[in-house]
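Working notes, beginning with the structure itself.
The values are calculated or read from the model by the stated rules, or taken from the named source; none is laboratory data. No experiment lies behind these values; they were computed from the predicted model shown. Methodologically, a virtual Cβ is constructed for each residue, glycine included, from the backbone with ideal geometry; neighbour enumeration extends over all protein chains shown. With ligands, DNA and RNA removed, areas are computed over all heavy atoms of the protein, side chains included. Shrake-Rupley method; radii C 1.70, N 1.55, O 1.52, S 1.80 Å.
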Amino acid sequence: MAGGAAVAPSSSAGKRQDYPGGLTLFVFMACMVAATGGLIFGYDIGISGGVTSMDPFLSRFFPSVYRKQAESADGGNQYCKFDSELLTLFTSSLYVAALVASLFAASVTRAAGRKWSMFAGGVTFLAGCALNGAAVNVAMLILGRVLLGVGVGFANQSVPVYLSEMAPMRMRGMLNNGFQLMITLGILIANLINYGTAKIAGGWGWRLSLGLAAVPAAIITVGSLFLPDTPNSLLERGRPEEANRMLQRVRGTDDVAAEYDDLVAAGEESRAVTHPWRDIRQRRYRPQLVMAVAIPLFQQLTGINVIMFYAPVLFKTLGFGGTASLMSAVITGLVNLVSTLVSVFTVDRAGRRALFLEGGAQMLAAQVAVGALIGAKFGWSGVATVPAGYAAATVVVMCVYVAGFAWSWGPLGWLVPSEVMPLEVRPAGQSITVAVNMLMTFAVAQAFLPMLCRLKFLLFFFFAACVVVMTLFIALFLPETKGVPIEDMAGVWKTHWYWKRFVNDGDDTDGHGVDIEMGCVGEAKK
């Protein structure tokens, strides 16, 4: 796999100049507040899998699953005990709503600024928390999940763009990865809360788990009110004097003329674009559009949501008790958080490609090992007793997989699409990234339990095959973007062995080149 890297050298035609200024306390605090938008996404990922493994929650809202689980405890098929269309609809309805919301969020982000898009996401997420915590039937649960999805769609669309625009060039990867760090922190907090609330007498702990999502939602809602606009956004909205002052403030120096001139040029081109959804399909934006689609698509086909959504469910399926399955999810959540920190501190040194390729190799080995362990014990029947040592070995291998994802496809799946987009189509491009991510998250969440029931342990080999394809894609088609100013990112495609045929200095500006060489685009997405 790594051998393919030689095909796509890490050369870039972008101006690798270093603008004056550095990381100020003002920028650091703004980025940390904005990154808390990831908390709501991560908390939901962790909490949904936990409550769906709690018997009081299942018996109240999904009695058929509760009965099937009781039957499997007496020696039934472990692969199929959580297979329920209604249960997967509860989990995945959020991601359909997030998909739709992210498309509308692009217009809000461009017209009103990034901070107000975050605010809208936080307010809507708060409403969903209230409905879920007070739910008395499945309809209330799903309506609450839809509102949560709208909040996630707005936050995921605006936060990575905000972080990429505020960060100094040398630290863009580190600060942007703060978003993924907050996602992993949200997952870990949710797993710890699930572990505690599952022990509450009376069986109402699931309400506390769902209702406490209001805490991260309140943080981003209130925090967004105090965030400054990015210089890029101010220029995009025709406020050059404010943009210049803000740039001096975020860089901590008055010597911002070079960076400001580049921002002005990008801002003028951005204002000339009146139809970004149409223009992003132009031939000259083909590389960025492919990355906006392929990277989030592949991110979900790593199989990470199989682990994160359903970690307690999956561990329970593997023979762990209810409390033990929740503790195993806590362990994987902790590994996820620590490993994301590795990416935060290495991405601007090692580069994006190196982390992508190493993480792909590690995930491939771990997925094959998990499939082999589960297949050897459960076979096709799905009936087995799992010794404690065997179960512990399975958790260790899953942790190796989670670590590989957490310092590669997890944070880089958000960083790379947000940093390669030109300003004039950046909100539209990020909306496409979020929409594809949510669509694939929905598809994986909806299909996982039925596929586990039918493919059994072969499901993990399916995801391993996907990891092979996506790692080859990175080796062949992604140029290195570390150290390139975000305003000059278009240059990285001009010397790439494949993408240089599409980037022709803007000759195709009227949109008529949309369908040229579509066969090549299909090839690039594979």
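Considering each of LEU355, LEU364, LEU301, LEU297 in turn, give the residue that is touching a Leu at 6+ places or on another chain (Cβ under 7 Å), open to solvent by 10 Å² or more (accessible area, probe 1.4 Å) and modelled with pLDDT of 85 or more.
Numbers: LEU364 fails: touching a Leu at 6+ places or on another chain (Cβ under 7 Å); LEU301 fails: touching a Leu at 6+ places or on another chain (Cβ under 7 Å); LEU297 fails: touching a Leu at 6+ places or on another chain (Cβ under 7 Å).
Every option except LEU355 fails the conditions.
Restrict the check to segment 157-167 and report whether at least one residue is crowded, with 24+ Cβ neighbours inside 10 Å and farther than 20 Å from CYS31 by Cβ.
There is no residue in segment 157-167 that is crowded, with 24+ Cβ neighbours inside 10 Å and farther than 20 Å from CYS31 by Cβ.
Before we move on, is TYR390 of a type in the set (Ser, Thr, Tyr) and surrounded by fewer than 22 Cβ atoms within 10 Å (Cβ to Cβ)?
yes
When you go through (1) more than 30 Å from GLY267 (Cβ to Cβ); (2) assigned to a helix (DSSP H, G or I); (3) open to solvent by less than 10 Å² (accessible area, probe 1.4 Å) one by one for ALA135, which number turns out not to apply?
(2)
Cβ-Cβ below 6 Å, separation at least six or inter-chain, first residue in segment 463-476 and farther than 16 Å from ILE295 by Cβ, second hydroxyl-bearing (Ser, Thr, Tyr) and assigned to a helix (DSSP H, G or I): which pairs?
Here the result reads none, with nothing in segment 463-476 linked to a residue that is hydroxyl-bearing (Ser, Thr, Tyr) and assigned to a helix (DSSP H, G or I).
Testing CYS453 on (1) of a type in the set (A, V, I, L, M, F, W, C); (2) at pLDDT 80 or above; (3) open to solvent by 10 Å² or more (accessible area, probe 1.4 Å), one condition comes back false. Which one is that?
Unmet for CYS453, out of (1) of a type in the set (A, V, I, L, M, F, W, C); (2) at pLDDT 80 or above; (3) open to solvent by 10 Å² or more (accessible area, probe 1.4 Å): (2).
Would you check if ILE220 is of a type in the set (Val, Ile, Thr) and buried (at least 24 other Cβ atoms within 10 Å of the Cβ)?
yes
Is at least one residue of segment 374-381 part of a helix (DSSP H, G or I) and surrounded by fewer than 17 Cβ atoms within 10 Å (Cβ to Cβ)?
Within segment 374-381, one or more residues are part of a helix (DSSP H, G or I) and surrounded by fewer than 17 Cβ atoms within 10 Å (Cβ to Cβ).
Does MET451 fit the bill of being touching a Leu at 6+ places or on another chain (Cβ under 6 Å) and hydrophobic (A, V, I, L, M, F, W, C)?
Considered against the rule, which asks whether it is touching a Leu at 6+ places or on another chain (Cβ under 6 Å) and hydrophobic (A, V, I, L, M, F, W, C), MET451 comes out as yes.
Only one of (1) of a type outside the set (A, V, I, L, M, F, W, C); (2) open to solvent by less than 30 Å² (accessible area, probe 1.4 Å); (3) farther than 15 Å from ILE40 by Cβ; (4) more than 22 Å from the chain's Cα centre (by Cα) fails for ASN176. Which number is that?
Of everything listed in (1) of a type outside the set (A, V, I, L, M, F, W, C); (2) open to solvent by less than 30 Å² (accessible area, probe 1.4 Å); (3) farther than 15 Å from ILE40 by Cβ; (4) more than 22 Å from the chain's Cα centre (by Cα), ASN176 misses just condition (4).
Could you please let me know if LEU439 is open to solvent by 10 Å² or more (accessible area, probe 1.4 Å), closer than 30 Å to HIS275 by Cα and assigned to a helix (DSSP H, G or I)?
yes
Taking helices (runs of 4 or more DSSP H) that do not extend beyond segment 22-65, which have at least 3 residues that are at negative phi, open to solvent by less than 20 Å² (accessible area, probe 1.4 Å) and not hydrophobic (A, V, I, L, M, F, W, C)?
On the way: elements: 25-35, 37-51, 55-61.
Hits in segment 22-65: 37-51.
Among VAL370, VAL338, VAL347, which is of a type in the set (Val, Ile, Thr) and modelled with pLDDT under 90?
It is VAL370.
Return the residues of segment 91-109 that are in contact with a Leu (Cβ under 6 Å, 6 or more places away or on another chain) and either closer than 19 Å to MET421 by Cα or open to solvent by 10 Å² or more (accessible area, probe 1.4 Å) (or both); say none if nothing qualifies.
Passing the criteria: only LEU99.
Exactly one of these conditions fails for ALA265: (1) in contact (Cβ under 8 Å) with a residue 40 or more places away in the chain; (2) in a helix (DSSP H, G or I); (3) open to solvent by less than 30 Å² (accessible area, probe 1.4 Å); (4) within 21 Å of ARG114 (Cβ to Cβ). Give me its number.
If we test ALA265 against (1) in contact (Cβ under 8 Å) with a residue 40 or more places away in the chain; (2) in a helix (DSSP H, G or I); (3) open to solvent by less than 30 Å² (accessible area, probe 1.4 Å); (4) within 21 Å of ARG114 (Cβ to Cβ), just (3) comes out false.
Tell me yes or no: at least one residue of segment 502-520 is closer than 30 Å to LEU89 by Cβ, assigned to a helix (DSSP H, G or I) and either at pLDDT below 85 or of a type in the set (S, T, N, Q) (or both).
From segment 502-520, those closer than 30 Å to LEU89 by Cβ are none; that's our starting set.
Checking segment 502-520: not a single residue is closer than 30 Å to LEU89 by Cβ, assigned to a helix (DSSP H, G or I) and either at pLDDT below 85 or of a type in the set (S, T, N, Q) (or both).
Could you check how many residues of segment 336-352 are within 19 Å of the chain's Cα centre (by Cα), open to solvent by 40 Å² or more (accessible area, probe 1.4 Å) and of a type in the set (A, V, I, L, M)?
Residues in segment 336-352 being within 19 Å of the chain's Cα centre (by Cα), open to solvent by 40 Å² or more (accessible area, probe 1.4 Å) and of a type in the set (A, V, I, L, M): 3 in total.
Any idea which of MET174, MET118 is in a helix (DSSP H, G or I), of a type outside the set (Phe, Trp, Tyr) and modelled with pLDDT of 90 or more?
MET118
Starting from residues that are surrounded by 24 or more Cβ atoms within 10 Å (Cβ to Cβ) and of a type outside the set (A, V, I, L, M, F, W, C), keep the ones in segment 393-412 and report whichever is nearest to SER164 (Cα to Cα).
PRO411
Does ILE219 satisfy being farther than 30 Å from VAL484 by Cβ and assigned to a helix (DSSP H, G or I)?
Yes, satisfied.
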